[in-house]
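Notes follow once the structure below has been shown.
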Amino acid sequence: MYHDFPIYSFQFRPSPNIEVVKGKLQPHGQIVSFAGRGLRFIPDCPAWPVAYVNIDGTCELLTKDLYMDDVLQCIAFLEELLEIEIQGAG
């Protein structure tokens, strides 16, 4: 799907309710909903990656031109904000 972009993928455990995720992320950036598929989160912090959160609990971060430290900081932020465990990051 994103052929020209490096992607960092992981799984939320348990899979969160997408509306709850949307509500928690909204104050921290822009949300674009994809009916029946999930959402795109564009964080206010320009150093963080755009995140695609899917209804199956998977998440993909577009990491082109980003530092890995910033990507890991964003993942830790998502895990803490959503109060959910992240598995299989890589």
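The values are calculated or read from the model by the stated rules, or taken from the named source; none is laboratory data. Just so it is clear, the model here is predicted, and its values are computed rather than measured. In this analysis, Cβ positions are derived from the backbone assuming ideal geometry, glycine residues included, and neighbour counts consider all displayed protein chains.
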Residues (modelled with pLDDT of 95 or more, within 15 Å of TYR8 (Cα to Cα) and either among the aromatic types (Phe, Trp, Tyr) or over 12 Å from the mean Cα position of the chain (by Cα) (or both)) located in the stretch 32-48: PHE41
- prompt: If the Cβ limit is 8 Å and pairs must be 6+ apart or interchain, which residue in the stretch 40-60 that is closer than 18 Å to GLU79 by Cβ pairs with which residue that is buried (at least 17 other Cβ atoms within 10 Å of the Cβ) and acidic (Asp, Glu)?
  reply: ALA51/GLU60; TYR52/GLU60; ASN54/GLU60
- prompt: Would you pick out the residues in the stretch 40-56 that are in a loop (DSSP other than H, G, I, E, B) and either at positive phi or among the β-branched types (Val, Ile, Thr) (or both)?
  reply: ILE55
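Residues are listed down the side, and each one gets a yes or a no for (1) at pLDDT 90 or above; (2) surrounded by fewer than 12 Cβ atoms within 10 Å (Cβ to Cβ); (3) farther than 15 Å from PHE10 by Cα; (4) more than 10 Å from the chain's Cα centre (by Cα):
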{"residue": "VAL50", "(1), (2), (3), (4)": "yes, no, no, no"}
{"residue": "CYS59", "(1), (2), (3), (4)": "yes, no, no, no"}
{"residue": "THR63", "(1), (2), (3), (4)": "no, no, no, yes"}
{"residue": "TYR67", "(1), (2), (3), (4)": "no, yes, yes, yes"}
{"residue": "GLY88", "(1), (2), (3), (4)": "no, yes, no, yes"}
message: Out of everything in the stretch 6-31 that is within 11 Å of the chain's Cα centre (by Cα) and polar (S, T, N, Q), what residue ends up being surrounded by the most Cβ atoms within 10 Å (Cβ to Cβ)?
response: GLN11
statement: Within the stretch 2-39, the residues that are more than 18 Å from GLU79 (Cα to Cα), outside any strand (DSSP E or B) and not charged (D, E, K, R) are TYR2, HIS3, PHE5, PRO6, ALA35, GLY36
- prompt: Can you pull out the residues in the stretch 69-86 that are out of contact with any Cys (no Cβ under 9 Å at 6 or more places or on another chain) and within 13 Å of ARG13 (Cβ to Cβ)?
  reply: GLU79, LEU82, GLU83, ILE84, GLU85
- prompt: Could we say that SER33 is among the small types (Gly, Ala, Ser) and farther than 22 Å from GLY88 by Cα here?
  reply: yes
